[in-house]
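These notes concern the structure reproduced below.
The values are calculated or read from the model by the stated rules, or taken from the named source; none is laboratory data. Everything quoted here is computed from the prediction, not taken from an experiment. Please note: Cβ atoms are built from the backbone with ideal geometry, for glycine as well, and neighbour counts cover all protein chains shown. Only protein heavy atoms, including side chains, enter the accessible area calculation; ligands, DNA and RNA are left aside. Shrake-Rupley method; radii C 1.70, N 1.55, O 1.52, S 1.80 Å.
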Amino acid sequence: MADNKGILVVGEVAEGKLLPITAEILGAGRRLADELKEQLSCFLIGAQMGDAGKAAVAAGADKVYVADDAQLKDYENSTYMQVMEKAVAEVAPRIIIMGQTANGRDLAPRLAFKLGVSAVMDCLELAIDQATRLMQCTRAVYGGNAKAIFTSEAVPQIATVRTKASSPLAPDAGRKGDVVPFAVALDASKIKAKVLQMVKEEVAGIKIEDAAAVVAGGRGLGGPEPFSKELADLARILKGAVGASRPPCDNKWVPDSIQVGLTGKIIAPELYIAVGISGSSQHMSGCAGSKCIVAINKDPEANIFKEARFGVVGDWKVVLPAFMAKVKELLQ
Amino acid sequence: MNMIVCCKQVLDPEAAPSTFKLDAANNRMVQPPEVKPVINPYDEQAVEAALRIKDTDKAGNKVTIISLGNNLLRDVVKKPLSMGADELILLEDPAFEGGDSYAVASALAAAIKKVGPFDLIFCGRQESEWDDGQVGSGLAELLGIPSVTVAKKVEVQSGGTVKVERVVADGFQVLEVQYPALITVSNELGEARYATLKGIMAASKKQPIVWKPADIGVDKAGAAARKTRVVKLFQPVKEGKCDIISADSPAEAGALLAQKLRENKVI
């Protein structure tokens with residue numbers, strides 16, 4: 001595959017709109033494509049995707065292939081793999097980029113192994129090595145306790161990119177690019193699974209990934225009540241959302257969908273208030289991009305104080321009500 | 001159901017960040033000897049998923065564990081046996097060291113072919129050292145079987161299918177999958193069971209089967225079978241410039257914190 005050229009981004013669309021992660025990886029892909037002076041293509045796979053193709057051009061793509069088919073409405077890997085195999089054969093890219101989403105982390109390894117290569121998952125940064133024209137991928141390893149730079153000589157190089165790790169371009173409706181349909185005759189005999197149902201577990205109020213302020217609690221809160229009382233009250237005052245580290249989710253104090261961390265949500269709010277959270281590397285992987293981290297913890301040795309900008313050492317039961325009262329007063 | 005669970009011995013991810021030291025010469029992290037390795041926590045949950053199925057019909061169900069590495073500590077890798085698994089196969093040899101997900105999945109695929117027919121393979125969603133999350137899906141691709149990743153519930157149904165709840169960003173998908181299949185398991189499945197005293201006694205009597213690369217017909221393993229290369233492994237320096245707000249009482253410190261945030265235009 002020595003003649004492979006260009007970069008292929010696999011985008012995701014929900015309700016006719018590009019997901020934010022897709023705009024982010026199109027931004028990252030655009031920068032690599034410009035450095036290589038090659039084309040940036042984008043594949044959108046789904047059903048009833050509206051104007052998402054145009055949005056992908058505005059976000060940086062030179063050519064967008066839209067595989068729009070009722071059978072592709074829900075993600076399922078044996079179905080999507082059929083589209084991806086044809087896509088790779090058609091475009092023959094040197095680099096493939098996906099988002100580190102539920103679908104990207106499922107699809108990228110299967111596609112990579114099918115092509116006889118290995119992907120580099122959950123990358124924070126992608127760069128081109130000028131001498132070899134190969135991509136180098138930086139990612140967190142050992143639960144965030146170290147970082148590593150990976151590369152591979154095998155083509156195509158495949159990477160998934162972490163949410164909020166790269167910045168999208170400012171959307172430019174005047175950008176020129178082609179949007180073309182991509183038809184795939186799906187082979188029913190290769191489809192090994194079917195989606196019976198999609199169950200939404202939406203939390204009321206602002207979504208944690210969209211909130212400018214997040215108030216998160218950990219094991220130190222001792223039970224479910226503080227999440228629905230004190231933390232929810234503070235989140236309301238700050239017009240933000242409530243989050244949690246892993247132990248409260250594992251203990252069923254709060255729904256899994258508000259877990260912040262390496263294997264939960266990766267968020268980057270303006271303000272992240274960590275209450276009773278020790279700050280393991282796994283947890284910090286989910287919130288390290290926050291502009292300002294504030295920690296309240298009774299253990300002065302807690303790792304969270306190495307990561308936070310402001311901290312109070314003390315029992316949250318005493319610190320939080322006083323903090324909240326003062327915040328309320330200041331915001332009035 | 002004939003089930004296989006892949007389990008990896010890892011550095012203890014729950015240990016304090018300060019215990020992780022860089023071994024730059026070998027491109028890996030190490031921990032001091034007093035920090036004992038563990039079974040990757042997600043892999044323990046994969047064992048749990050298999051045991052829950054085994055519990056439903058003890059007569060016809062079997063759970064085989066496969067672990068790959070070198071210098072594997074017997075009391076660590078035997079933990080799944082003490083939880084209730086039936087058999088342990090170790091792919092253990094210096095040649096297995098230094099592999100990436102491709103090298104590991106290739107060796108596991110070869111071993112599983114040698115084990116013989118199976119219905120379900122379980123893996124943890126990712127291991128806690130390289131946090132790659134590729135071995136499960138990659139192994140399924142190499143074996144040519146369907147896969148479902150990040151499951152929180154697995155139920156065997158009649159007619160050769162399993163029903164799987166797969167965690168996604170805003171909820172979960174319910175899928176019906178034909179088996180043989182591979183399923184990766186997440187913490188949402190719920191806590192793995194503890195080893196019982198009876199289980200520990202039984203496990204201590206069981207001898208693992210040990211296979212070397214030649215036993216599974218693999219001529220390149222570990223570092224020699226890699227598809228990716230580590231250019232550099234490093235520990236980013238943390239500045240640690242936390243402004244600890246102290247006052248006469250914790251309550252006063254709380255109020256002062258609010259004021260500080262205001263002064264710095266954070267709120």
Of the residues in region B:153-174, those that are more than 19 Å from A:T79 (Cα to Cα), free of Cβ contacts under 8 Å to residues at least 60 places away in the same chain, open to solvent by less than 40 Å² (accessible area, probe 1.4 Å) and more than 8 Å from chain A (Cβ to nearest Cβ) come to B:G160
Margin query: So, B:A107, is that one within 25 Å of B:V156 (Cβ to Cβ) and open to solvent by less than 20 Å² (accessible area, probe 1.4 Å) or not?
Written below: no
- Query: Can you find a residue in region A:81-96 that is without any contact (Cβ under 8 Å) to a residue 40 or more places away in the chain, outside the structural domain of A:G264 (by TED's automatic domain parsing) and of a type in the set (S, T, N, Q)?
  - Reply: no
Counting only residues in region B:116-136 that are touching a Cys at 6+ places or on another chain (Cβ under 8 Å) and either assigned to a loop (DSSP other than H, G, I, E, B) or aliphatic (A, V, I, L, M) (or both), the one nearest to the other protein chains (Cβ to nearest Cβ) is identified as B:V135
When every residue in region B:175-216 that is facing chain A (nearest Cβ under 10 Å) and among the β-branched types (V, I, T) is compared, the one surrounded by the fewest Cβ atoms within 10 Å (Cβ to Cβ) is B:V177
The condition of being touching a helix residue (DSSP H, G or I) at 6+ places or on another chain (Cβ under 8 Å) and either facing chain B (nearest Cβ under 7 Å) or crowded, with 22+ Cβ neighbours inside 10 Å (or both) holds, among A:P171, A:P156, only for A:P156
Screening A:S290, A:S285 for residues that are at the interface with chain B (Cβ under 9 Å from one of its Cβ atoms), farther than 16 Å from A:P248 by Cα and hydroxyl-bearing (S, T, Y) leaves only A:S285
In the set B:K54, B:K8, the lone residue that is away from every other protein chain (no Cβ under 14 Å), open to solvent by 10 Å² or more (accessible area, probe 1.4 Å) and in contact (Cβ under 8 Å) with a residue 12 or more places away in the chain is B:K54
All conditions in (1) within 13 Å of chain B (Cβ to nearest Cβ); (2) surrounded by fewer than 20 Cβ atoms within 10 Å (Cβ to Cβ); (3) under 25 Å from B:F172 (Cα atoms); (4) β-branched (V, I, T) are true of A:I206 except (1)
Exactly one of A:E85, A:E90 is open to solvent by 30 Å² or more (accessible area, probe 1.4 Å), within 21 Å of A:Q39 (Cα to Cα) and within 14 Å of chain B (Cβ to nearest Cβ), and that residue is A:E85
Restricted to region B:11-29 and to residues being within 18 Å of the chain's Cα centre (by Cα) and hydrophobic (A, V, I, L, M, F, W, C), the residue surrounded by the fewest Cβ atoms within 10 Å (Cβ to Cβ) is B:A15
If we keep only residues of region A:186-198 that are of a type in the set (A, V, I, L, M) and at the interface with chain B (Cβ under 7 Å from one of its Cβ atoms), then the residue surrounded by the most Cβ atoms within 10 Å (Cβ to Cβ) is A:A193
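Rundown of residues vs (1) touching a Gly at 6+ places or on another chain (Cβ under 7 Å); (2) over 20 Å from A:N145 (Cα atoms), yes/no style:
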| position | (1), (2) |
| --- | --- |
| A:G243 | no, yes |
| A:D250 | no, yes |
| A:W253 | yes, yes |
| A:I277 | yes, no |
| A:C292 | no, yes |
| A:A295 | yes, no |
Residues of region B:254-267 being closer than 13 Å to A:A325 by Cβ and open to solvent by less than 40 Å² (accessible area, probe 1.4 Å), in sequence order, are B:G254, B:A255, B:L257, B:A258
*Quick check: anything in region A:140-152 more than 10 Å from chain B (Cβ to nearest Cβ) and either modelled with pLDDT of 95 or more or under 20 Å from B:L22 (Cβ atoms) (or both)?*
no
### Task
Could you tell me whether region B:205-216 includes any residue that is outside the structural domain of B:L88 (by TED's automatic domain parsing), over 23 Å from the mean Cα position of the chain (by Cα) and modelled with pLDDT of 95 or more?
no
Per the list (1) open to solvent by 20 Å² or more (accessible area, probe 1.4 Å); (2) not in a loop (DSSP other than H, G, I, E, B), residue check on A:A183 breaks on (2)
- Task: May I ask you to verify whether B:P32 is loosely packed, with under 15 Cβ neighbours inside 10 Å and more than 25 Å from B:V185 (Cβ to Cβ)?
- Result: yes
Among strands (runs of 3 or more DSSP E) entirely within region B:151-267, at least 3 residues that are more than 30 Å from A:C292 (Cα to Cα), in contact with a strand residue (DSSP E or B) (Cβ under 6 Å, 6 or more places away or on another chain) and among the β-branched types (V, I, T) occur in B:161-168, B:181-185
Expected output for region B:241-255 (first residue more than 7 Å from chain A (Cβ to nearest Cβ), partner open to solvent by 30 Å² or more (accessible area, probe 1.4 Å), Cβ below 9 Å, 6+ apart or cross-chain) is B:K241/A:R309; B:S246/A:V313; B:S246/B:L256; B:A247/B:L256; B:S249/A:V318
